[in-house]
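J.: So that we are looking at the same thing, I have put the structure below in structure tokens.
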Amino acid sequence: MNKKVKEKILKGVAASPGIAIGTPFNYVHETLNVSRDTVPDSEIESEILKYRNALDKTRENILEDKKNAAKRGGQEAAKIFDAHLLIIDDQVLIDEAVYFISSNNVQASYAVSKVMKDYQMEFEKLQNQYFSQRAFDIEDVCRRIIKNIISDSDKPDQSTVLKGKQIVISNNIFPSDTLNFNKDLILGIVTEFGGKTSHAAILSKSLEVPAVVGVTGISKYQNKISLLIVDGFSGKVIINPNASTFESYKKRQHEEQKQVEEDLKYAALASVTLDNVSVKIMSNIQSALEADSVIKWNSDGVGLFRTEFLFESSLSVLSEDDQFRIYSEVSEKLYPRHITIRLLDIGGDKLNDKMSIKEDNPFLGVRGMRLLFDHPELLRSHLRAILRASSKKNISIMLPFVSNISEITKTRAIFERVIKDLISEGYTVDEKMKIGIMVEVPSIVMIADAVAAKADFFSIGTNDLTQYVLAADRGNERVSGIYDSFHPAVIKMLDMTVRAAERRKIGVGICGQMAGYPIALPLLIGLGLRELSVTPFLVPAVKKIIRRLDTKECAALSKKCLKASSPKAVLTILSDFFEKKIGDHPLQ
Ligand code: PEP
Ligand code: MG
């Protein structure tokens, strides 16, 4: 019975921004009937043959999906299917299924479901988001093999046929499902399971539709929803909104659309100050899919490509070829814009599970370059992939979490060897590729002149610099009042870094969150920064403010801030300035 419920708000993980309002499409995975009936000895061989044929057919299906995914969503979406090929070609699993059929006298479909289920449970037991996503991949592959055993029809799954524009609600979305939906009809996505790196999250970003994942309890309501709101900014899902909620979201949705249209107009304007000084507004991205956003928001290029997320959403450590394809795709898509690829910044709060590092104090432990030096093969394949993708000469490399000059010289030596190898193997590479560093550890700031003699550019990571200067964990709510990028000590460090870069004539930019704070912009310009790297959709907002600034006024402002003795004093100076110069004026 379709008993509708009153307004109900559920909370999940905001996976893709935007607001969707619409009717639900309840996506339930087709049930596959697997029989436990025993088969006589005489039929064992034919069951094994059925299994082997189904494996071949499934492999073909996956390869086909991989091709389609590459066409629709780029290399990253296609990569998901590489993980599926690994599962299907896992010899241990194949042998186990064959053994299970013959030793238990069961049908092939039952053996597959049993063996795969055990394997899947091993992953689920590990209770971590990365591995539960892998368990889900196994389930997808397993279902496809079983389907191919029990039917030889190729007809598409009827359960994915949307009736007009709708919001898809599901327990989770299998990678193979994503290609069956008509993407023009999906308004939004809501799933019961999954986190930021789940396939549903990747898919929704690539489709640019609002999505909330990991909404515990949503499936309970699946048949009781007449209207649904997906708030992909806050991670809220509103079931059967009442009139006032509906009106307020309708208004927000309208404002959001208007804002996007207005921002797009600003995106087309030049990024120059009132006194005609150009400021580059670059983007921070973490996947190849976001290259489209860099173009959409008219950003000058990529100031920070965080590579760790590519590794996070992959089944195994990404191979050199996988990486090469992703970096080439971004390089080609964005050419002639420039891209700065940051070497894997694993450690701290990122990817500890996968690399099996357990440390009491991970933020002060084996992170960034320290971890890469501990895994020379990983560093080598990483550098090889980047260099192989560099034939267009629009890529630079950036080293994360550098605390000593020796880390730069050591990387350079490895880099030179990798170049030699690649050339001798016949590759065309950018031999003059620039190698810069993240300035995010205070020691580097204190010896910035000497560091600048070894690095081609600096990019200031205020997120980490703030935590290391103030001894306040960036992710710990209890010290969030202490963690403050407007602390005069942080601002002095920014000043020291820019001055050293100017003296040594190397490039300097900022890619921490601070570069996207409107109130910080006059200060950053005043300190002499001419390259800011922010989330792509913030590019127009940053541009709007830059176009209202005069560099001489900003320089005077930054001098005042450098004399202040507390974050509060800095903020007062900045908000007075902002109100006077920008707040009261129409932006143009
Ligand atoms: C930073 O530390 O400011 C930065 C940009 O890098 P991440 O946030 O990835 O550590
Ligand atoms: Mg950092």
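J.: Cβ neighbours within 10 Å, averaged per peptide: list 430-442, 32-44, 525-537 in order, most packed at the top.
T.: Answer by packing, highest mean first, reads 525-537, 430-442, 32-44.
J.: Next up: Could you line up D374, D495 from fewest to most neighbouring Cβ atoms inside 10 Å?
T.: If I rank by nearby Cβ atoms, fewest first, I get D374, D495.
J.: Under the rule of at least 5 residues apart or a separate chain, name every residue whose amide H is placed under 5 Å from the amide H of V534.
T.: Those lying under 5 Å, H to H, from V534 are M282, S283, N284.
J.: What's the angle, to the nearest 10 degrees (0 to 90), between helix 551-563's Cα axis and the longest principal axis of the chain?
T.: 90
J.: State whether the stretch 213-342 is rounded, prolate or oblate according to the following rule on the C-alpha gyration tensor (a ≥ b ≥ c being the square roots of its eigenvalues): a/c under 1.5 gives rounded; otherwise a/b larger than b/c gives prolate, and the remaining case gives oblate.
T.: Oblate is the answer for the stretch 213-342, as a/c is 1.5 or above yet b/c matches or exceeds a/b.
J.: Counting only residues 5 or more places away or on other chains, whose amide H sits under 5 Å from the amide H of L162 once H atoms are built in the peptide plane?
T.: It is N182, by chain and number.
J.: Beyond 17 Å, how much of the Cα-Cα pair distribution for the stretch 457-588 remains, as a whole percent?
T.: 58
J.: What is the dipole size for the chain, taken about its Cα centre, with +1 at each Lys and Arg Cβ and -1 at each Asp and Glu Cβ, in debye to the nearest 20?
T.: Result for the chain is approximately 2240 debye, rounded to the nearest 20.
J.: Determine the percent antiparallel among the DSSP beta bridges restricted to the stretch 280-433, to the nearest 5.
T.: Counting DSSP beta bridges with both partners in the stretch 280-433, the antiparallel share is about 10 percent.
J.: Students often get this wrong, so check it: of K205/K568; K57/K296; K67/K224; K11/K57; K79/K265; K71/K165, which have C-alpha atoms separated by over 29 Å?
T.: Flagged as over cut-off: K205/K568; K57/K296; K67/K224; K11/K57; K79/K265.
J.: May I pose another question? Give the whole-number value, in cubic angstrom per residue, of the convex hull volume spanned by the C-alpha atoms of the chain.
T.: Dividing the Cα hull volume of the chain by its residue count gives 170 Å³.
J.: Here's something else I'd like to know. Measure nothing but the geometry: give the 0 to 90° angle between the long axis through the Cα atoms of 567-578 and the longest principal axis through the Cα atoms of the chain, rounded to 10°.
T.: 80
J.: At 222 nm, what helix-only mean residue ellipticity would the chain give, in deg cm²/dmol to the nearest 500, using -39500 (n - 2.57) for each DSSP H run of four or more?
T.: For the chain, the value works out to -15000 deg cm²/dmol.
J.: Follow-up question, since we're still on this one. For the chain, give me the percentage of DSSP beta bridges that are antiparallel, rounded to the nearest 5 percent.
T.: 35
J.: Here is a follow-up. Between K393 and A413, what is the FRET efficiency for a Förster distance of 25 Å, r being their Cβ-Cβ separation, to the nearest 0.05?
T.: For R0 = 25 Å, the calculated efficiency reads 0.65.
J.: Ok, one more. What translational D, rounded to a whole number of µm²/s, comes out for the stretch 280-433 from Stokes-Einstein when the hydrodynamic radius is the Kirkwood one over Cα pairs, at 37 °C and 0.692 mPa s?
T.: Reported coefficient: 206 µm²/s.
J.: If I model a spin label at N182 and N53 as a point 7 Å from the Cα along the Cα→Cβ vector, what separation in nanometres do I get?
T.: 3.4
J.: Taking the 0 to 90 degree range and rounding to the nearest ten, how far is the long axis of helix 488-504 tilted relative to the main principal axis of the chain, both from C-alpha atoms?
T.: 80
J.: Taking 0.36 nm per residue of separation and subtracting the Cα-Cα distance, what length does fully extending E502 through L227 add?
T.: Contour length minus the Cα-Cα distance gives 93.3 nm.
J.: Per residue of the stretch 402-417, what does 6.51 cos²θ - 1.76 cosθ + 1.60 with θ = phi - 60° give for ³J(HN,Hα)? Whole Hz please, x for Gly and Pro, Karplus curve as stated.
T.: Going residue by residue, I get 7, 10, 9, 4, 4, 5, 6, 5, 5, 5, 4, 5, 5, 4, 4, 5 Hz, with x marking Gly and Pro.
J.: Okay, next question. Run the simple label-point estimate for Q257 and I423 please: 7 Å along Cα→C-beta, distance reported in nm.
T.: So the two model labels end up 5.7 nm from each other.
J.: Could you let me know the centre-to-centre spacing of the stretch 196-275 and the stretch 515-582, using Cα atoms, in angstrom?
T.: 29
J.: What FRET efficiency would be calculated for the residue pair E45, K492, taking the C-beta separation as r and a Förster radius of 60 Å, to the nearest 0.05?
T.: Using R0 = 60 Å, I get an efficiency of 0.20.
J.: Another one. With the crude spin-label approximation of a point 7 Å out along Cα→Cβ, what separation in nm comes out for D275 versus T31?
T.: 7.4
J.: Using 1/(1 + (r/R0)^6) with R0 = 51 angstrom and r between the beta carbons of N476 and Y99, what's the FRET efficiency to the nearest 0.05?
T.: 0.55
J.: Run the numbers for A243 and V5: contour at 0.36 nm per residue of separation, minus the present Cα-Cα distance, in nm.
T.: Extra length from A243 to V5 when fully extended: 84.3 nm.
J.: Identify the trypsin sites (Lys or Arg not before Pro) of the stretch 329-420 meeting these criteria: DSSP loop state and at most 16 other C-beta atoms within 10 Å of the C-beta.
T.: Sites meeting the loop and neighbour criteria: K358, K392, K393.
Coordinate-derived values only; no laboratory data. These numbers come from a predicted model, not from an experiment. Using ideal geometry, Cβ is built from the backbone for each residue, glycine included, and neighbour counts are taken over all protein chains shown.
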